[in-house]
Every structure is written in structure tokens, then in C-alpha cells.
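Heads up: the structure comes next, in C-alpha cells.
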Amino acid sequence: MVINRANQGAPQAIEGLDVKQALQNVCGNSELLHTVLITFYKIHKRDVDKIRHCHTEGDMDSLHRIAHALKGLSGTLAAEDLHTSSQALDTHIRSRDLDQLLGLIDRVEADLAPTLTSIKKTLIDDIDQACYGHH
């Protein structure tokens with residue numbers, strides 16, 4: 001089943017997410033989950049590029065903000081692998097343990113990319129409307 005305006009049910013599967021747990025995390029509100037998924041896609045689709053840029057520029061404050069936001073929303077969406085990798089990135093940034101950052105950024109990218117792709121495939125019409133104003 002695909003979430004869209006005509007069918008506000010929760011999707012059966014999105015790669016990288018435990019949809020059942022995500023639905024529980026939003027108190028069973030499938031419309032809210034729909035909104036959170038679209039918001040997640042819109043806000044986080046360029047995170048890895050932003051993270052790499054911040055790392056290159058030495059902007060640890062912005063890097064931390066991005067990693068922290070990604071950690072929070074990935075937890076809400078029950079994206080366990082992404083939550084774990086973004087949490088590790090967040091922890092290393094906060095502790096200024098910078099030796100492992102590139103590897104952690106790669107790990108976040110490996111966890112985020114398929115999740116974003118699956119969200120977009122599942123919610124393509126709604127994402128196009130939200131991001132670009134058309135279907």
C-alpha cells in the first residue's frame with residue numbers, strides 16, 4: 001500500500017525504516033507519519049553533501065546541528081541503522097573526536113541514501129507536490 005492523498009494509510013515497507021515502529025512513535029497517526037516522511041525527505045535529502053562541506057570547512061557547529069537533527073528524526077522514523085550511524089557521528093562531533101569523522105560520514109551516507117530513495121519511490125507524488133509544487 002502506498003501513502004498518498006487518496007490513501008492515508010501507512011506504507012507497508014520503506015527500506016531502512018521499521019514502519020510499524022515509526023507508526024507507533026507517532027501515536028498511530030498515519031497522516032502524521034506521512035507528513036514526517038515527506039518532511040524528512042525534504043530536509044535531509046542533501047545532508048551528506050552539507051555534512052561533507054561543513055567538515056571540509058571546519059564548521060563543527062553546523063556539522064553538529066545537521067547530525068543532531070538527522071539523529072533525532074531518524075529515531076522517530078525508526079530508521080535504526082541511520083539512527084545508529086548519525087548518533088555515532090553526533091557523539092564524535094560533540095566530543096571533538098575528529099579522527100573517525102570521514103568513516104562515520106561514509107556510514108551515514110550508506111544508511112541514508114537507500115532510505116531516501118525508498119521514501120521517494122513510495123511517496124513520489126506527494127514529494128513532488130511538496131518540493132516542486134506539481135505531480
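Here the extension length gained between Cys27 and Lys45 equals 4.0 nm, from 0.36 nm per residue of separation less the Cα-Cα distance. Checking every one of the trypsin sites (Lys or Arg not before Pro) in the stretch 47-103 against DSSP loop status and a limit of 12 other Cβ atoms within 10 Å picks out Arg96.
Here the gap between Arg52 and Lys20, fully extended at 0.36 nm per residue and compared with their Cα-Cα distance, gives a gain of 8.3 nm. What you get for the stretch 19-125, charging only the Cβ of Lys and Arg (+1) and of Asp and Glu (-1), is a dipole of about 260 debye around the Cα centre. Here the simple spin-label model places points 7 Å from the Cα toward Cβ, and for Ser95 and Ser62 these points are separated by 2.6 nm.
All of the numbers you see were taken from the coordinates with simple rules; none came from a lab. Remember, it's a predicted structure, so these values are computed and weren't measured experimentally. Please note: Cβ atoms are built from the backbone with ideal geometry, for glycine as well, and neighbour counts cover all protein chains shown.
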